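Since the structure comes first, as structure tokens, the remarks are kept for the end.
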Amino acid sequence: MFKSLNQFIHIQRVLVRLRYIIFTRVWKMNIHESVIISLSARLDRTNPRGVHIARNTYIAFDVAVLTHDMVRGLQKDTFIGECCFIGARSIIMPGVSVGNNTVIASGSVVTKDIPANCIAAGNPAQVIKDNVKVYEYGRLVN
């Protein structure tokens, strides 16, 4: 019997790396190689060149990063800055920019641009705290 799923961490890392290669080389998404994307996160492949994710950002499970809206006929670039954390089950709508050093709380729906150095939460997401300091991957300093 299995003691822990941690014994399969090497397989998970290989799958994450393979998925990164597919995103960047096949779909031509603009994603920095230091970005960590959960295996269950969904990046829009209808307009894949519209996905832009900067270095040291973490995309948690079940996040959806959208670059198109079929109802309005939109195809817009979506930008996520450096050192960000996008919480589980969040949705980043097409044409939105998330600033550097920003934390998006779990379950948030980001419908408009979020400035740098803040924490945003809710549906629609609103800034709940600004002037925050974060480390790599959106880890809060304090």
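The values are calculated or read from the model by the stated rules, or taken from the named source; none is laboratory data. The structure presented is a predicted model; accordingly, all values stated were derived computationally and were not measured. Here the Cβ is made from the backbone with ideal geometry for all residues, glycine too, and neighbour counts use every protein chain on show. Just so you know, the surface numbers come from the protein's heavy atoms only, side chains and all, with ligands and any DNA or RNA stripped out. Shrake-Rupley method; radii C 1.70, N 1.55, O 1.52, S 1.80 Å.
Observations on the structure shown:
- Local net charge near ALA125, Cβ-Cβ under 14 Å (Lys/Arg +1, Asp/Glu -1): +1
- Value of [θ]222 nm, deg cm²/dmol, for the chain, DSSP H segments ≥ 4, -39500 (n - 2.57) each, nearest 500: -3000 deg cm²/dmol
- Take the Cβ atoms of LEU15 and ARG139, set R0 to 25 Å, and the FRET efficiency comes out at 0.60.
- Within the shell defined by Cβ-Cβ distances under 15 Å, the residues around ARG55 carry a net charge of -2, with Lys and Arg each +1 and Asp and Glu each -1.
- Near PHE79, once Lys and Arg are set to +1 and Asp and Glu to -1 for all other residues with Cβ below 14 Å from its Cβ, the sum equals 0.
- Cα-based Rg of the stretch 65-131 normalised by 2.2 N^0.38 Å, two decimals: 1.03
- Distance-filtered residues of the stretch 17-52 - backbone nitrogen under 17 Å, label point 7 angstrom along ILE128 Cα→Cβ: none
- Considering only the chain, percent of DSSP beta bridges that pair antiparallel, nearest 5: 25
- Accessible surface computed residue by residue for the chain, with neighbouring protein chains in place and a 1.4 Å probe, gives 59 Å² per residue.
- The chain: C-alpha gyration tensor shape, a/c 1.5 cut-off, then a/b vs b/c: oblate
- Taking 0.36 nm per residue of sequence separation and removing the Cα-Cα distance, the ASP62/SER4 pair yields an extension gain of 18.6 nm.
- Using the average count of surrounding beta-carbon atoms within 10 Å as a protection proxy, the listed peptides 11-20, 116-125, 84-93 rank, highest first, as 84-93, 116-125, 11-20.
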